[in-house]
1. Is the range 56-77 home to any residue that is small (G, A, S) and under 23 Å from D25 (Cβ atoms)?
2. I'm trying to understand the selection: among the residues of the range 91-100, which are at pLDDT below 95 and part of a helix (DSSP H, G or I)?
3. Of all residues in the range 1-42 being hydroxyl-bearing (S, T, Y) and under 16 Å from the mean Cα position of the chain (by Cα), which is surrounded by the most Cβ atoms within 10 Å (Cβ to Cβ)?
4. If I ask for residues that are under 13 Å from the mean Cα position of the chain (by Cα), among the charged types (D, E, K, R) and closer than 16 Å to E13 by Cα, which ones from the range 43-91 would you list?
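The values are calculated or read from the model by the stated rules, or taken from the named source; none is laboratory data. Computed from a predicted model, the values in this text were never measured in an experiment. Here the Cβ is made from the backbone with ideal geometry for all residues, glycine too, and neighbour counts use every protein chain on show.
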Amino acid sequence: MSRFSDVINRQLELFTSEQAALIEDCDTAELKYDQADREDAEERYADYLDLVETGTEELAAMRDNFASAMDEESAEQYEAEFNSAVAQRLPRFALEIEDT
């Protein structure tokens, strides 16, 4: 068990609860992309990516807000653990979270 696993689990549960509509919109947008014909696929994928970016930014803001109260070493460890947990539990939001 990692140092911050409990708080990170609670944060991700809060995110999935508060952002349930966004997650559902991502699912719908991904399905629309998967079902799109060639002419509409690029636009549908862009719609999906916009939603994913919104979720990623929300997660990064949650992470950064919590880390801002820590010393640098703890904040770096927490950020790494948070990003790893996002990759495991919410992989669609993990691709860009380290850059956010």
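1. yes
2. Selection gives I97, E98, D99.
3. Among residues in the range 1-42 that are hydroxyl-bearing (S, T, Y) and under 16 Å from the mean Cα position of the chain (by Cα), the one surrounded by the most Cβ atoms within 10 Å (Cβ to Cβ) is T16.
4. E58, R63, R89
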